[in-house]
Amino acid sequence: MRILIVGAGIGGMTLAALLDRRDVATRLVERAPNFNHAGYMLGLWSLGSRVLHGLSLYERFATECIEGKHYEVRDNHGELVKHWSMAPIVERFGPVLSCTRPQLVKLLYDGLGDTEIRFNTEIEALEQDGDEVEVTFSDGSRETFDLVVGADGLHSRVRSLIFGEQPYFHTGWGGWVWWADLTSVTPETFVEHWGVGRFVGAYPTSHGTGIFAGAPCKGDFDQPGKGRRQRVRDRFAGMGRFVDTFLDAMPHDDAELFFWNLSDVRSAEWTRGRVVLLGDAAAGFLPTAGIGASMAMESAAVLADELSRTNARFVERALSLYVKRRRSRVESIQDDSRRLARTMFVKSSTVAHIRDLATKFYSLERLAGSIAKAFDEPI
Ligand SMILES: Cc1cc2nc3c(=O)[nH]c(=O)nc-3n(C[C@H](O)[C@H](O)[C@H](O)COP(=O)(O)OP(=O)(O)OC[C@H]3O[C@@H](n4cnc5c(N)ncnc54)[C@H](O)[C@@H]3O)c2cc1C
């Protein structure tokens, strides 16, 4: 089969590496010029990391990561609301491993064998004709494939070319991300401050701690350009000693702060003819549950499984089985990450007060909802 994967991110690279192990060749195109972007932090639940066993990459990955052993929620002024040990989940299902996105992407790259990646390349058009898909690339060249996989993330071009605009879920919030050398400040602990109209999380990795400082996208909060460093400082002042330390560790160069809008998307369809969506392109994830990368990797494993049991003639059947195996699991976990966003991103002080009181009585399993159940379900 001639397979094109659009997007060399978490899902696309996992799929290419798994298919390579089964002697199914793929080609990848990637919009970015290389993998050197500073990226953001990723907590990988065992749902996703166990896929790396099938690539013989798990042990190396586990050595390169920090294991998240604790999860702590603090309030608007930094007081501890709740501390959870990850042990009950870790002992049954495996560790939560914390890394940077580039770390995982580069690891998957090493698992790709001879697979070709064309960087700096996008797709301009897709045309399905009978059993083939003709692809026009951004450099004007054209090629024909038996299957095109849209693994091009939240704002997928493949999705919009095939299915048109799909409904986004906008939280109305966004946040600045920066890196700081603070792993000893919150060792092996994910610390989140669920404030009033503001949120600050710190996620240690072996390459430093990733800080996310979020708030409603109003006024000049999300504006790039000079001065954003000071605006962030003002906005998150008075959230306690941890946040003060994170703010002090902000890079001096404004350009090293990156802004992310907190939105996701759910595509009404995942496949049409010989084009299929994978990962965030099919159902995007808010970072609230730290689960989008795991879902993309699981989906890649299922798609590789179905593709390894078919040939070019019956590829549409395999795609339909892939969607049947994945869709409801992915969407119920996506619902949970939206529910968590409503809990974490609160503007009213009364609602925040009630939330903080209720959180004290939550188990980690209850907070995680269907994510916790997903550990015990086959994929
Ligand atoms: C700040 C932040 C924190 C997060 N934290 C976590 C976490 O802790 N745990 C977790 O599991 N998930 C987390 N996520 C979500 C997770 O990163 C995504 O769900 C996951 O990366 C989805 O994988 P993907 O392969 O679908 O997309 P991506 O990994 O985004 O890959 C898509 C790739 O396609 C490329 N591309 C885009 N458009 C085109 C185009 N037109 N042509 C060619 N290539 C294209 C992109 O450059 C990219 O390389 C976080 C996300 C953010 C923004």
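The values are calculated or read from the model by the stated rules, or taken from the named source; none is laboratory data. Everything quoted here is computed from the prediction, not taken from an experiment. Cβ coordinates were reconstructed from backbone atoms using ideal geometry, including for glycine residues, and neighbour counts include every protein chain displayed.
Brief remarks follow.
- Any hit, the stretch 132-139, residues being among the charged types (D, E, K, R), in a strand (DSSP E or B), within 18 Å of residue 272 (Cα to Cα) and out of contact with any Leu (no Cβ under 7 Å at 6 or more places or on another chain): yes
- Within the stretch 240-270, tally of residues that are more than 24 Å from residue 42 (Cα to Cα) and buried (at least 22 other Cβ atoms within 10 Å of the Cβ): 1
- Pairs with Cβ under 6 Å, 6+ apart, first in the stretch 25-46 and part of a loop (DSSP other than H, G, I, E, B), second near the ligand (Cβ under 6 Å from one of its atoms) and polar (S, T, N, Q): 45/294
- Selection count where residues are of a type outside the set (D, E, K, R), within 23 Å of residue 194 (Cα to Cα) and out of contact with any helix residue (DSSP H, G or I) (no Cβ under 6 Å at 6 or more places or on another chain), scope the stretch 79-88: 5
- Residue ID - farthest from residue 75 (Cα to Cα), chosen from residues in the stretch 335-379 that are assigned to a loop (DSSP other than H, G, I, E, B) and touching a helix residue (DSSP H, G or I) at 6+ places or on another chain (Cβ under 6 Å): 379
- Look at the stretch 141-158: where a residue is near the ligand (Cβ under 10 Å from one of its atoms) and a partner is at pLDDT 95 or above and among the basic types (Lys, Arg), sitting 6+ places away or on another chain with Cβ atoms under 7 Å, you get 150/159.
- Within the stretch 117-136, the residues that satisfy the criterion of being within 14 Å of the ligand (Cβ to nearest atom) and either more than 14 Å from residue 162 (Cα to Cα) or not acidic (Asp, Glu) (or both) are 117, 118, 119, 120, 121, 122, 123, 125, 126, 135, 136.
- Neighbours by Cβ (under 8 Å, 6+ apart or cross-chain): first from the stretch 100-118, at positive phi; second of a type in the set (D, E, K, R) and surrounded by fewer than 20 Cβ atoms within 10 Å (Cβ to Cβ): 113/20
- Each residue in the stretch 27-56 was checked for being more than 16 Å from the ligand (Cβ to nearest atom) and either under 21 Å from residue 191 (Cβ atoms) or surrounded by 15 or more Cβ atoms within 10 Å (Cβ to Cβ) (or both), and 1 of them qualify.
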